[in-house]
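Peer 1: This structure is in structure tokens; I'll ask about it shortly.
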Amino acid sequence: AKPDCTLFKQLHLAMRIQLLAALAAPMLAQDLFLSTRVEMEPVEAQVPAGWIRAGRTPRGDMIELHFAVKQQNTQQLEQVLLAVSSPSSPDYGKHLSNHQVHELLKPAPQHLAAVENWLSAAGVTAERATPNGDIIVAKVTVEQAEALLSAEYVRLEHGSGAVTDRTPDGYSLPQEVADALDFVSPTKHFPGISQPILQAPGRNASNVNNVPKTLRQAYNVGDAVGKASKNKQAVTAFLKQYYSEDALKSYWSQYCDGITCGKGSPKLVGDATTGTPGVESMLDIEAITGVAGDVDSEFWGVG
């Protein structure tokens with residue numbers, strides 16, 4: 001009997017397709033690493049005052065990288081914000097929900113694919129840290145991070161005792177990945193270091209201007225206080241700017257004689273609220289409670 005040439009050709013074609021697929025996958029992955037690299041956040045390499053290089057970061061240490069994927073429709077979000085905040089707008093007060101904001105800003109699918117495929121090709125497990133994927137997180141060794149970013153991590157020490165690991169000499173990404181990202185962190189930006197400022201003795205409301213009574217006078221608030229039961233106000237704090245109950249009560253005691261400041265202790269919300277009081281964070285909570293009396297307050301601290 002004659003051999004079935006049709007079946008033979010089909011088997012041969014199938015084998016060639018499998019071989020080509022096997023060869024194409026590593027080639028595609030390789031292309032992501034061999035393509036032109038782009039320097040990210042290209043500013044002159046420098047270490048801020050107060051920090052010193054203490055040598056290379058141990059390559060076996062673990063580090064959590066955050067990839068900020070480019071958001072879409074940021075200008076549209078600004079327009080919505082202005083509209084819902086303007087009394088003359090028909091959309092005044094029609095605030096977007098958290099879900100609507102994430103949907104509006106969600107990255108382009110091709111940008112998400114570029115970043116996730118690149119990490120996967122490098123053998124890195126990543127996950128989306130936000131509902132729309134605009135932040136992708138991956139835990140890797142310093143050695144892996146340096147290979148991904150074509151960078152060198154350095155251990156840096158601050159005079160306050162703080163220690164961090166950064167890439168002060170810069171980092172770069174393959175063109176396709178760089179086009180999809182705003183930045184990668186932690187890399188070039190250094191954490192803020194705050195030093196508590198002690199209040200000079202003998203200071204009182206008669207020799208300063210930005211205190212509750214003068215602020216109320218400037219904004220024509222007078223001695224008015226909140227009367228609606230659902231009134232609420234809040235401040236936010238970042239970069240280790242903490243809240244201090246003692247500091248706030250001391251401020252009220254010194255500057256709120258004869259007026260009502262706040263409405264009891266602020267409610268603390270978040271994972272970084274208490275510690276050494278920050279200058280900026282305490283200024284915020286002091287000012288807002290000093291001007292708005294008998295209004296529930298919240299202090300939101302995010303590490």
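Peer 1: Taking residue 192 as meeting all but one of (1) modelled with pLDDT under 95; (2) surrounded by 14 or more Cβ atoms within 10 Å (Cβ to Cβ); (3) out of contact with any Pro (no Cβ under 6 Å at 6 or more places or on another chain); (4) not acidic (Asp, Glu), write down the number of the exception.
Peer 2: Of the numbered conditions (1) modelled with pLDDT under 95; (2) surrounded by 14 or more Cβ atoms within 10 Å (Cβ to Cβ); (3) out of contact with any Pro (no Cβ under 6 Å at 6 or more places or on another chain); (4) not acidic (Asp, Glu), the odd one out for residue 192 is (2).
Peer 1: Separate question: Take residue 272 and decide whether it is assigned to a loop (DSSP other than H, G, I, E, B), free of Cβ contacts under 8 Å to residues at least 40 places away in the same chain and of a type in the set (Gly, Ala, Ser).
Peer 2: Details: assigned to a loop (DSSP other than H, G, I, E, B): yes; free of Cβ contacts under 8 Å to residues at least 40 places away in the same chain: yes; of a type in the set (Gly, Ala, Ser): yes.
Criteria met by residue 272.
Peer 1: Name the single residue, out of those in the stretch 147-158 being out of contact with any Phe, Trp or Tyr (no Cβ under 6 Å at 6 or more places or on another chain) and outside any loop (DSSP other than H, G, I, E, B), that is farthest from residue 70 (Cα to Cα).
Peer 2: Let us first name the residues in the stretch 147-158 that are out of contact with any Phe, Trp or Tyr (no Cβ under 6 Å at 6 or more places or on another chain), namely 147-148, 150, 152-155, 157.
Those still in the list that are outside any loop (DSSP other than H, G, I, E, B) too: 147-148, 154-155, 157.
Working: 147: 22, 148: 19, 154: 27, 155: 29, 157: 32 Å.
Step by step, filter the stretch 147-158, then rank; the result is 157.
Peer 1: State whether one or more residues within the stretch 259-273 are of a type in the set (D, E, K, R), more than 29 Å from residue 220 (Cα to Cα) and out of contact with any Pro (no Cβ under 6 Å at 6 or more places or on another chain). Working first, answer last.
Peer 2: If we filter the stretch 259-273 for residues that are of a type in the set (D, E, K, R), which is where we start, we get 263, 267, 271.
Adding the requirement that they be more than 29 Å from residue 220 (Cα to Cα) leaves 271.
The next check asks that each one be out of contact with any Pro (no Cβ under 6 Å at 6 or more places or on another chain); those that pass are 271.
Checked against the condition, which is being of a type in the set (D, E, K, R), more than 29 Å from residue 220 (Cα to Cα) and out of contact with any Pro (no Cβ under 6 Å at 6 or more places or on another chain), the stretch 259-273 yields at least one hit.
Peer 1: Let me ask something else. Restricting to the stretch 135-146, give me the number of residues that are surrounded by fewer than 18 Cβ atoms within 10 Å (Cβ to Cβ) and assigned to a strand (DSSP E or B). Give the derivation first.
Peer 2: Filtering the stretch 135-146 for residues surrounded by fewer than 18 Cβ atoms within 10 Å (Cβ to Cβ) gives 135, 137, 139, 141, 143.
Among the residues that remain, those that are also assigned to a strand (DSSP E or B) are: 135, 137, 139, 141.
Here the count works out to 4.
Peer 1: Checking residue 78 against (1) assigned to a loop (DSSP other than H, G, I, E, B); (2) loosely packed, with under 12 Cβ neighbours inside 10 Å; (3) not aliphatic (A, V, I, L, M): exactly one of these is not met. Which one?
Peer 2: Unmet for residue 78, out of (1) assigned to a loop (DSSP other than H, G, I, E, B); (2) loosely packed, with under 12 Cβ neighbours inside 10 Å; (3) not aliphatic (A, V, I, L, M): (1).
Peer 1: Residue by residue through the stretch 137-162, note down the ones that are in contact (Cβ under 8 Å) with a residue 12 or more places away in the chain and closer than 19 Å to residue 192 by Cβ.
Peer 2: 154, 155, 156, 157, 158, 159, 160, 162
Peer 1: Now a separate question. Within 30 Å of residue 164 (Cα to Cα) and of a type in the set (Lys, Arg), is that true of residue 249? Walk me through it before giving the result.
Peer 2: On the way: within 30 Å of residue 164 (Cα to Cα): no; of a type in the set (Lys, Arg): yes.
It is false that residue 249 is within 30 Å of residue 164 (Cα to Cα) and of a type in the set (Lys, Arg).
Peer 1: Looking only at residues in the stretch 269-303 that are of a type in the set (A, V, I, L, M) and open to solvent by 70 Å² or more (accessible area, probe 1.4 Å), which one is nearest to residue 235 (Cα to Cα)? Walk me through how you get there before you give the answer.
Peer 2: Let us first name the residues in the stretch 269-303 that are of a type in the set (A, V, I, L, M), namely 269, 272, 279, 282-283, 285, 287-288, 291-292, 295, 302.
Filter again for open to solvent by 70 Å² or more (accessible area, probe 1.4 Å), leaving 279, 283.
Details: 279: 13, 283: 10 Å.
The residue in question is 283.
Peer 1: Please specify each residue of the stretch 153-164 satisfying the condition of being surrounded by 15 or more Cβ atoms within 10 Å (Cβ to Cβ) and of a type outside the set (Lys, Arg).
Peer 2: So in the stretch 153-164, the residues surrounded by 15 or more Cβ atoms within 10 Å (Cβ to Cβ) come out as 153-158, 162, 164.
Within the stretch 153-164, 153, 154, 156, 157, 158, 162, 164 meet the criteria.
Peer 1: Check residue 83 against each of (1) more than 30 Å from residue 146 (Cα to Cα); (2) out of contact with any Leu (no Cβ under 7 Å at 6 or more places or on another chain); (3) open to solvent by 40 Å² or more (accessible area, probe 1.4 Å) and name the one condition it does not meet.
Peer 2: (3)
Peer 1: How many residues are of a type outside the set (A, V, I, L, M) and surrounded by 17 or more Cβ atoms within 10 Å (Cβ to Cβ) when one looks only at the stretch 236-250? So that I can check it myself, show each step before the final result.
Peer 2: In the first step, residues of the stretch 236-250 are kept if they are of a type outside the set (A, V, I, L, M); the result is 236, 238, 240-246, 249-250.
Then drop every residue that is not surrounded by 17 or more Cβ atoms within 10 Å (Cβ to Cβ), which leaves 240-244.
Summing the residues that are of a type outside the set (A, V, I, L, M) and surrounded by 17 or more Cβ atoms within 10 Å (Cβ to Cβ) in the stretch 236-250 gives 5.
Peer 1: Can you pull out the residues in the stretch 159-182 that are in a strand (DSSP E or B), over 22 Å from the mean Cα position of the chain (by Cα) and more than 20 Å from residue 115 (Cβ to Cβ)?
Peer 2: First, the residues of the stretch 159-182 that are in a strand (DSSP E or B): 163-166, 172-174, 181-182.
Imposing the further condition that a residue be over 22 Å from the mean Cα position of the chain (by Cα) reduces the set to 174.
Passing the criteria: none in range.
Peer 1: Still on this structure, please answer the following. Got a number for residues in the stretch 222-252 being of a type in the set (A, V, I, L, M, F, W, C), at pLDDT 85 or above and within 16 Å of residue 292 (Cβ to Cβ)?
Peer 2: To start, the set of residues in the stretch 222-252 that are of a type in the set (A, V, I, L, M, F, W, C) comprises 224-225, 228, 234-235, 237-239, 247-248, 252.
With at pLDDT 85 or above added as a condition, the list becomes 225, 234-235, 237, 247-248, 252.
Pick out the ones that are also within 16 Å of residue 292 (Cβ to Cβ) and you get 225, 234-235, 248, 252.
The total comes to 5.
Rundown of residues vs (1) among the β-branched types (Val, Ile, Thr); (2) at pLDDT 95 or above; (3) under 23 Å from residue 184 (Cβ atoms), yes/no style:
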| residue | (1), (2), (3) |
| --- | --- |
| 68 | no, yes, yes |
| 71 | no, yes, yes |
| 75 | no, yes, no |
| 78 | no, yes, no |
| 81 | no, no, no |
| 87 | no, no, no |
| 96 | no, no, no |
| 107 | no, yes, yes |
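Peer 1: Among the residues of the stretch 210-235, which ones are open to solvent by 60 Å² or more (accessible area, probe 1.4 Å) and aliphatic (A, V, I, L, M)?
Peer 2: The answer is 218, and nothing else.
Peer 1: Within the stretch 30-47, is even one residue at pLDDT 90 or above, out of contact with any strand residue (DSSP E or B) (no Cβ under 8 Å at 6 or more places or on another chain) and either of a type in the set (A, V, I, L, M, F, W, C) or open to solvent by 100 Å² or more (accessible area, probe 1.4 Å) (or both)?
Peer 2: The answer is no, given that none of the residues of the stretch 30-47 is at pLDDT 90 or above, out of contact with any strand residue (DSSP E or B) (no Cβ under 8 Å at 6 or more places or on another chain) and either of a type in the set (A, V, I, L, M, F, W, C) or open to solvent by 100 Å² or more (accessible area, probe 1.4 Å) (or both).
The values are calculated or read from the model by the stated rules, or taken from the named source; none is laboratory data. Since this is a predicted model, take the numbers as computed values, not measurements. Note that we place each Cβ from the backbone using ideal geometry, even for glycine, and neighbour counts take in every protein chain shown. Only protein heavy atoms, including side chains, enter the accessible area calculation; ligands, DNA and RNA are left aside. Shrake-Rupley method; radii C 1.70, N 1.55, O 1.52, S 1.80 Å.
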